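Participant: Next up is a structure, given as structure tokens.
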Amino acid sequence: MSTQTPKRPRRNFYGRFKGKTLKPSQKTYLSEDLDALSPGAVDWDVNPERTPLDLKALFGGKDVWLEVGFGGGEHLVHQAANNPGIGIIGAEPYINGVAMLLGKIRRAGVENLAVHPGDARDLFDVLPEASISRAFLLYPDPWPKTRHHRRRFVTPEHLEPLARALKPGSIFRVATDIPDYVRQTLEEVPRAGFEWLAERPADWREPWEDWISTRYEQKALREGRTPHYLTFRRKG
């Protein structure tokens with residue numbers, strides 16, 4: 001068995017890490033609350049060996065869900081509040097979104113959450129194999145230009161490690177208002193080891209029963225775009 005430390009892969013990041021100036025309250029949330037919500041050692045500088053996270057210790061043996069790119073955190077907090085019997089991890093590199101989430105966590109008083117304020121690919125490195133029971137990808141960055149489609153989440157670089165982390169039979173939900181993103185999702189996600197569960201148009205036209213509309217979805221509706229709700233199951 002090799003004892004060599006894994007070599008950090010080259011990963012370009014194309015999104016934003018920070019936007020508008022944070023409010024004083026948001027700075028307080030980040031300084032007072034974020035460290036306590038860490039899922040464990042994720043970043044390469046603190047875990048160069050890529051030792052897997054101890055999710056049983058983190059959530060007391062509960063099933064673990066994952067939301068990739070939680071935006072302002074509405075859906076993440078909604079799911080945590082309505083499913084106290086699970087643990088849920090959110091990954092989001094945009095620090096303004098992280099600060100918004102922390103404010104919502106304080107107001108909701110939920111305690112079954114962990115937050116990785118960074119690239120989901122680093123989190124995938126340290127998630128134990130077949131450890132996640134459900135995953136969400138909601139209104140991801142569409143990267144509309146053709147030459148930028150390789151930056152989308154629904155590419156092998158992201159989907160293959162996600163599939164590895166998901167338990168067989170687990171559910172992967174994708175919501176988007178971009179028709180070409182739907183096309184790429186329906187092409188790439190099945191290739192990564194998932195089956196699309198739609199049987200009739202309502203299965204992708206109507207939101208899930210436990211859905212909460214996010215600010216991104218409300219913007220899409222105001223601008224006349226049609227949301228799509230795609231449900232996949234991890235084969236196994």
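Participant: Of everything in region 125-142, what is in contact with an Asp or Glu (Cβ under 9 Å, 6 or more places away or on another chain) and farther than 14 Å from Gly73 by Cβ? Give them in sequence order.
Facilitator: So in region 125-142, the residues in contact with an Asp or Glu (Cβ under 9 Å, 6 or more places away or on another chain) come out as 128, 132-139, 142.
Pro128, Ile132, Ser133, Arg134, Ala135, Leu137, Pro142 - these are the residues of region 125-142 that are in contact with an Asp or Glu (Cβ under 9 Å, 6 or more places away or on another chain) and farther than 14 Å from Gly73 by Cβ.
Participant: Under the condition of being surrounded by fewer than 19 Cβ atoms within 10 Å (Cβ to Cβ) and more than 22 Å from Pro52 (Cβ to Cβ), which residue from region 111-142 is modelled with the highest pLDDT?
Facilitator: Filtering first and then ranking leaves Glu111.
Participant: Would you point out which residue out of Val189, Val126 is among the β-branched types (Val, Ile, Thr) and in contact with a helix residue (DSSP H, G or I) (Cβ under 8 Å, 6 or more places away or on another chain)? Working first, answer last.
Facilitator: Values: Val126 fails: in contact with a helix residue (DSSP H, G or I) (Cβ under 8 Å, 6 or more places away or on another chain).
Only one candidate qualifies: Val189.
Participant: So which of Thr185, Thr146, Thr155, Thr176 ends up being without any contact (Cβ under 8 Å) to a residue 40 or more places away in the chain and open to solvent by less than 40 Å² (accessible area, probe 1.4 Å)?
Facilitator: Details: Thr185 fails: without any contact (Cβ under 8 Å) to a residue 40 or more places away in the chain; Thr146 fails: open to solvent by less than 40 Å² (accessible area, probe 1.4 Å); Thr176 fails: without any contact (Cβ under 8 Å) to a residue 40 or more places away in the chain.
The unique qualifying residue is Thr155.
Participant: Checking Val46 against (1) touching a Leu at 6+ places or on another chain (Cβ under 6 Å); (2) under 30 Å from Lys7 (Cβ atoms); (3) without any contact (Cβ under 8 Å) to a residue 60 or more places away in the chain, which test does it fail?
Facilitator: Only one criterion is unmet by Val46, namely (1).
Participant: Restricting to region 189-236, give me the number of residues that are open to solvent by 90 Å² or more (accessible area, probe 1.4 Å) and free of Cβ contacts under 8 Å to residues at least 12 places away in the same chain.
Facilitator: 6
Participant: Within region 49-94, how many residues turn out to be of a type outside the set (A, V, I, L, M), farther than 26 Å from Glu209 by Cβ and surrounded by 17 or more Cβ atoms within 10 Å (Cβ to Cβ)? Full working, then the answer.
Facilitator: Our first condition is that a residue be of a type outside the set (A, V, I, L, M); within region 49-94, this holds for 49-52, 54, 56, 59-63, 65, 67, 69-75, 78-79, 82-85, 87, 90, 92-94.
Next, only the ones that are farther than 26 Å from Glu209 by Cβ stay: 49-52, 54, 56, 60-61, 93-94.
Imposing the further condition that a residue be surrounded by 17 or more Cβ atoms within 10 Å (Cβ to Cβ) reduces the set to 93-94.
So the answer is 2.
Participant: What residue, of Ile178, Ile212, is under 18 Å from Glu67 (Cα atoms) and β-branched (Val, Ile, Thr)?
Facilitator: Working: Ile178 fails: under 18 Å from Glu67 (Cα atoms).
Among Ile178, Ile212, only Ile212 is under 18 Å from Glu67 (Cα atoms) and β-branched (Val, Ile, Thr).
The values are calculated or read from the model by the stated rules, or taken from the named source; none is laboratory data. It should be emphasised that the depicted structure is a prediction, and the values quoted were computed from it without experimental measurement. FYI the Cβ positions are ideal-geometry reconstructions off the backbone, even for glycines, and counts take in every protein chain you see. Side chains included, ligands, DNA and RNA excluded: accessible areas come from the protein's heavy atoms. Shrake-Rupley method; radii C 1.70, N 1.55, O 1.52, S 1.80 Å.
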